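Step one of this worksheet: look at the structure below.
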Amino acid sequence: MRSRKIKVGFKLEDAGLVHMPYSIEKTQWILIVANFTDKIFDVLNPEYGVDKYLKAISSIIHYFRAIFLICYPNAKFNVRDFGQRIIDVPKQNFSYDSGVFVLRYIQTHNGSRVQSFSNFDINSFAREVFLQDYGVQLKAK
């Protein structure tokens, strides 16, 4: 009787978008997306250009590339060739909202843009997300 190998899971190189949220100094969340569809790293950061974020963004991309190359040495593409693209995203009014904004970026990023939303919209989104996590049912008015 021959044994069969059963494969479970997926290959990361076959994923479309790989989301990497990152907290900088516990005050600002950003999102970097390894966009395998467009062969680029998308940077979703409402504070892009601020020097303290650029080093972190470069480090995240550098280490992702290194780990990916170790895990997938024969990948269909060379992750070293991926450039960076800044995705225009809505900006939060308060730094404590940045994590909720990143959740919304993950939810609405389609690989090239983020659906527009406002600070007002994010309040209802936050209530919905966090109350559902605690099993609270929201009643329609």
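Within the range 25-44, if we keep just the residues that are in contact (Cβ under 8 Å) with a residue 40 or more places away in the chain and of a type in the set (A, V, I, L, M), the residue that is surrounded by the fewest Cβ atoms within 10 Å (Cβ to Cβ) turns out to be Ile40.
Among the residues of the range 73-98, the ones that are open to solvent by 50 Å² or more (accessible area, probe 1.4 Å) and among the aromatic types (Phe, Trp, Tyr) come to 2 in all. For the range 54-74, the set of residues classified as closer than 15 Å to Gln84 by Cβ and free of Cβ contacts under 8 Å to residues at least 40 places away in the same chain consists of Leu54, Lys55, Ala56, Ile57, Ser58, Ser59, Ile61, His62, Tyr63, Arg65, listed by residue number. The set of residues in the range 76-110 that are among the small types (Gly, Ala, Ser) and at pLDDT 90 or above contains only Gly83. Kindly indicate whether Arg113 is closer than 25 Å to Pro46 by Cβ and at pLDDT 90 or above. Answer is no for this residue. Looking across the range 1-22, the residues that are open to solvent by less than 90 Å² (accessible area, probe 1.4 Å) and at pLDDT 90 or above come down to Leu17, Val18, His19, Met20, Pro21.
Flag: Tyr63 matches the condition of being at pLDDT 95 or above and open to solvent by 60 Å² or more (accessible area, probe 1.4 Å). I'd like the full set of residues that are of a type in the set (Ser, Thr, Tyr) and within 17 Å of Thr108 (Cα to Cα), limited to the range 13-58. Answer for the range 13-58, where residues must be of a type in the set (Ser, Thr, Tyr) and within 17 Å of Thr108 (Cα to Cα): just Thr37.
Quick one: how many residues across the range 41-59 are at pLDDT 90 or above and touching a helix residue (DSSP H, G or I) at 6+ places or on another chain (Cβ under 7 Å)? Result for the range 41-59: 3.
The values are calculated or read from the model by the stated rules, or taken from the named source; none is laboratory data. Just so it is clear, the structure is predicted and the values come from calculations on it, not from any experiment. Glycine also receives a Cβ, built like all others from the backbone with ideal geometry; neighbour counts cover every protein chain displayed. Ligands, DNA and RNA are excluded from the accessible area calculation, which covers all protein heavy atoms including side chains. Shrake-Rupley method; radii C 1.70, N 1.55, O 1.52, S 1.80 Å.
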